[in-house]
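The values are calculated or read from the model by the stated rules, or taken from the named source; none is laboratory data. Everything numeric here is computed off the predicted structure, so don't read it as measured data. Every residue, glycine as well, gets a Cβ built from its backbone with ideal geometry; the counts of neighbours run over all protein chains shown.
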């Protein structure tokens, strides 16, 4: 099998943001209604998706779900918008 070093695969969370009905993927950058930016990451220990604050890099208090995600808007991702993440 041939490798594709320039392709990055990200998993869908199965959730959509409520502002634009945009599907949310691992590595997406979201703006929470609290004004902070977060990166969507997979927490393999707890087997859920979590929001990790961009500045300072601190995990959110828990996993994201349908009740929490309505507070977020997808504004980019870590690969196409690396300047958003220090």
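The figures follow:
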quantity	calculated
Every residue from the stretch 69-82 that is modelled with pLDDT of 90 or more and either touching a strand residue (DSSP E or B) at 6+ places or on another chain (Cβ under 9 Å) or on the phi > 0 side of the Ramachandran plot (or both)	73, 74, 75, 76, 77, 78, 81
Residue that is farthest from residue 80 (Cα to Cα), among those in the stretch 1-18 that are outside any strand (DSSP E or B) and at pLDDT 85 or above	17
Residue list for the stretch 24-35, filter: touching a residue at least 12 places away in the same chain (Cβ under 8 Å) and either over 17 Å from residue 83 (Cβ atoms) or loosely packed, with under 15 Cβ neighbours inside 10 Å (or both)	24, 25, 26, 32, 33, 34
